[in-house]
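The values are calculated or read from the model by the stated rules, or taken from the named source; none is laboratory data. Keep in mind the model is a prediction, meaning the values are calculated, not measured. As a convention, Cβ positions derive from the backbone with ideal geometry for all residues, glycine included, and neighbour counts pool all protein chains shown. Keep in mind that these areas ignore ligands, DNA and RNA; they rest on the heavy atoms of the full protein, side chains included. Shrake-Rupley method; radii C 1.70, N 1.55, O 1.52, S 1.80 Å.
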Amino acid sequence: LLSPIISLLIGNRFSVESRTLRVLRRQTALSQAMAGGGFVSSSAGGTEFEAKITPIVIMSCIMAATGGLMFGYDVGVSGGVTSMPAFLEKFFPVVARKTQDPTLNNSNYCKYDNQGLQLFTSSLYLAGLTATFFASYTTRTLGRRPTMLIAGLFFIAGVVLNAAAQDLAMLIVGRILLGCGVGFANQAVPLFLSEIAPTRIRGALNILFQLNVTIGILFANLINYGTAKIKGGWGWRLSLGLAGVPAVLLTLGALLVSETPNSLIERGRLDEGKAVLRKIRGTDKIEPEFLELVEASRIAKEVKHPFRNLLKRKNRPPLVISIALQIFQQCTGINAIMFYAPVLFNTVGFGSDASLYSAVITGAVNVLSTVVSIYSVDRLGRRKLLLEAGVQMLLSQGFAVLVVIMVCTFVSAFAWSWGPLGWLIPSETFPLETRSAGQSVTVCVNLLFTFVIAQAFLSMLCHFKFGIFLFFSGWVAVMSVFVFFLVPETKNVPIEEMTDKVWAQHWLWKRFVEEDGDVEMEGRVGVNGKGNGSNGVDYSS
């Protein structure tokens with residue numbers, strides 16, 4: 001109720017100086033496009049800066065996205081090794097006895113219900129949750145590239161401990177180190193991909209991260225299927241040790257890729273940022289985009305406490321959307337299926353080999369469906385994929401008695417929607433001054449709810465039995481309604497224009513953006529000493 005009164009008293013907090021710079025920037029872009037063969041897109045809702053799809057951008061994105069390969073491998077490998085008898089006998093003998101006891105045939109749903117076993121899986125995500133706050137600092141102060149390098153080193157250390165584990169404590173410490181790697185990688189990689197990609201293919205390149213996650217899961221399932229047949233009971237060591245391959249790839253990739261121009265400019269290295277921007281765009285006509293990055297950086301530097309600023313009214317739309325997407329992503333039940341696919345299939349009556357084989361099938365569907373998302377995300381947009389997937393997942397959960405077919409149908413829907421878009425949308429919607437903090441909150445919430453699901457799923461399966469699918473179905477219905485009313489479309493909108501072109505145009509979120517104004521202009525007035533509108537000029541365009 002007080003907001004309109006306060007707005008009248010202090011005036012619009014967008015300064016004339018800031019708005020004039022925006023006008024000049026867009027006029028420069030238009031003039032350059034007309035004079036030099038560049039292009040400006042008026043149909044997509046934002047300025048389309050001139051940019052070629054250069055080999056260096058493609059290679060950089062592929063190398064960076066190997067962080068997803070490591071994450072996916074860690075997700076997929078845990079379910080496979082926890083269904084291997086030799087692994088269970090060494091670390092979880094109680095569970096091993098339950099799985100081999102014929103008197104428990106009537107209680108298949110409960111034979112894997114063990115908090116220690118669930119902790120093996122979930123400890124990775126609890127560690128990642130904690131690490132993401134440190135990763136936010138390194139991403140902002142050191143850059144995206146060094147943060148990916150730190151992630152790679154954590155991954156390598158965790159792999160060594162896991163493959164050589166002699167007791168449960170050593171195994172858990174290894175998982176914690178892997179979790180730290182996940183926290184740093186999931187903080188830096190989506191930001192890197194969104195910032196380095198040209199606007200018109202930003203969605204497709206960003207989804208390379210999720211594609212690598214799905215490929216990692218598939219590889220883990222294939223490797224588990226093979227190592228489970230190794231005589232001598234050491235197959236699980238090979239499964240855990242082969243995680244070193246994506247860990248080394250990420251480390252090498254972090255050494256080879258260029259830092260993003262956004263990060264370089266944010267840290268005051270303007271000449272270097274401009275050179276990198278020219279290199280990755282493949283053109284000399286980069287001045288309009290460079291000016292926009294410099295302006296975003298100027299705003300970011302005035303923010304001394306990004307996490308505190310994240311709570312300001314202006315930043316609530318992307319914050320609410322990001323948190324909700326992460327909660328809903330986990331409440332689809334996808335990670336419960338991916339973590340424990342062999343266990344789940346074994347529970348509903350498949351043999352050990354058939355369980356692993358079925359997990360391989362769902363992993364393959366996951367990869368193929370993510371490729372569908374790469375093709376369609378910048379054509380159909382984010383909202384259509386999310387809404388279609390809601391219907392598909394709801395039907396799949398409801399008819400889960402046809403286990404493998406319905407799980408594959410469910411996984412395919414998730415893989416081209418909530419899987420990649422849950423990471424894409426947060427990474428492209430926060431303004432530069434709160435982007436690292438916003439991504440940190442995004443990763444934190446994701447890992448928190450991943451931990452909760454991983455820790456609770458087997459116990460829920462024991463108590464709910466087939467009702468577990470009804471539980472997740474309810475969440476799918478809720479999240480689809482949320483997307484329909486509250487998630488705006490962001491395809492083809494330049495990353496630094498999200499506030500003006502997305503949030504300010506939404507029926508609900510525009511109230512937050514319009515009433516709060518620009519954060520960098522707190523307590524300041526325009527160059528003429530008056531608020532906006534005092535000279536009768538509209539600078540909003």
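Applying the condition of being assigned to a helix (DSSP H, G or I) and open to solvent by less than 30 Å² (accessible area, probe 1.4 Å) to the stretch 267-291 and asking which residue is farthest from Val257 (Cα to Cα) yields Pro288.
For Arg435, the criteria (1) open to solvent by 10 Å² or more (accessible area, probe 1.4 Å); (2) closer than 25 Å to His305 by Cα hold in every case but one, which is (1).
Among the numbered conditions (1) part of a helix (DSSP H, G or I); (2) modelled with pLDDT of 50 or more; (3) open to solvent by less than 70 Å² (accessible area, probe 1.4 Å); (4) under 30 Å from Arg202 (Cβ atoms), the only one that Ile468 does not meet is (4).
Within the stretch 413-429, residues that are within 17 Å of Pro198 (Cα to Cα) reach partners that are open to solvent by 10 Å² or more (accessible area, probe 1.4 Å) and part of a helix (DSSP H, G or I) with beta carbons closer than 6 Å, at six or more positions or on different chains, in the pairs Glu428/Ile495. Among the residues of the stretch 81-110, which ones are assigned to a helix (DSSP H, G or I), under 20 Å from Lys229 (Cα atoms) and modelled with pLDDT under 85? Matches in the stretch 81-110: Thr99, Gln100. Does the stretch 384-400 include one or more residues that are closer than 30 Å to Asn262 by Cα, of a type in the set (Lys, Arg) and in contact (Cβ under 8 Å) with a residue 60 or more places away in the chain? No; the residues of the stretch 384-400 include none that is closer than 30 Å to Asn262 by Cα, of a type in the set (Lys, Arg) and in contact (Cβ under 8 Å) with a residue 60 or more places away in the chain.
Open to solvent by 10 Å² or more (accessible area, probe 1.4 Å), of a type in the set (Lys, Arg) and closer than 25 Å to Leu255 by Cα: which single residue out of Arg140, Arg144 fits that description?
That would be Arg140, the only listed residue that is open to solvent by 10 Å² or more (accessible area, probe 1.4 Å), of a type in the set (Lys, Arg) and closer than 25 Å to Leu255 by Cα.
Residues are listed down the side, and each one gets a yes or a no for (1) modelled with pLDDT of 90 or more; (2) buried (at least 18 other Cβ atoms within 10 Å of the Cβ); (3) outside any loop (DSSP other than H, G, I, E, B):
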| residue | (1), (2), (3) |
| --- | --- |
| Arg298 | no, no, yes |
| Arg316 | yes, no, yes |
| Phe328 | yes, yes, yes |
| Ser358 | no, yes, yes |
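For (1) in contact with a strand residue (DSSP E or B) (Cβ under 6 Å, 6 or more places away or on another chain); (2) in a loop (DSSP other than H, G, I, E, B); (3) open to solvent by 10 Å² or more (accessible area, probe 1.4 Å); (4) under 30 Å from Leu88 (Cα atoms), each residue gets a yes or a no:
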{"position": "Val189", "(1), (2), (3), (4)": "no, no, no, no"}
{"position": "Glu195", "(1), (2), (3), (4)": "no, no, no, no"}
{"position": "Arg200", "(1), (2), (3), (4)": "no, no, yes, no"}
{"position": "Ala204", "(1), (2), (3), (4)": "no, no, yes, no"}
{"position": "Leu208", "(1), (2), (3), (4)": "no, no, yes, no"}
{"position": "Phe219", "(1), (2), (3), (4)": "no, no, yes, yes"}
{"position": "Gly253", "(1), (2), (3), (4)": "no, no, no, no"}
{"position": "Leu264", "(1), (2), (3), (4)": "no, no, no, no"}
